[in-house]
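Beneath this line is the structure, given in structure tokens, with notes to follow.
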Amino acid sequence: MNILDNYIVAYIDILGYIELVNKSYRDSNIIKNIEEILKNILTEIEDYSKRPDSTDFIKAVKQVYKKINIKIFSDTMLITLPLSNLNFSDDLQSEHGEDIKDELVFLLVYFWTVSQIILKFSSLVGYFFRGCISLGQYYENNLDNHGNKFMGVSA
């Protein structure tokens, strides 16, 4: 990853996380259930990217899913998409025959993906989110062999 690469980054925080942690002391299945929900959401995204290319939208979704990166830590989700080299292998056209700008399609699919993750999680778990989406330089690097990371966004 190049520090000069531009990314779109969604930083999403689960509201009520402390209450959730306190409840999990009484019922350890709460955290396990949330983990399972998140794994299912990520599996759905992965499965969607394996669908046949029947429409331009599915092609766009599959391209975004190849490049999107989702990290979950503590009460935070970080959903990143590099904006460099965004293009389809085939030219996309709308139903009316005009060319579709790759960047616009990728951004629409990215926002759609972020909203689907939030809506699905909120509806299944009952917690809301707050956060932001930023466009700018993004950097991430492993600091050690234990999976600790350093991340930064410049917007």
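The figures follow:
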{"read-out": "Entries of K32/K59; K32/K67; K23/K66; K23/K59; K23/K62 with Cα pairs more than 32 Å apart", "value": "K32/K59; K23/K66; K23/K59; K23/K62"}
{"read-out": "FRET efficiency, 1/(1 + (r/R0)^6) with R0 22 Å, evaluated for L124 and K50 via beta carbons", "value": "0.45"}
{"read-out": "Distant-in-sequence amide H partners of L83 (H built 1.01 Å from N, under 5 Å)", "value": "N6, Y7, I8"}
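Computed from the coordinates by the stated procedures, all read-outs in this text should not be read as laboratory data. If you're wondering where the values come from, they're calculated on a predicted model, not measured in any experiment. For neighbour counting, all protein chains shown are included, and Cβ atoms are generated from backbone atoms with ideal geometry for every residue, glycine included.
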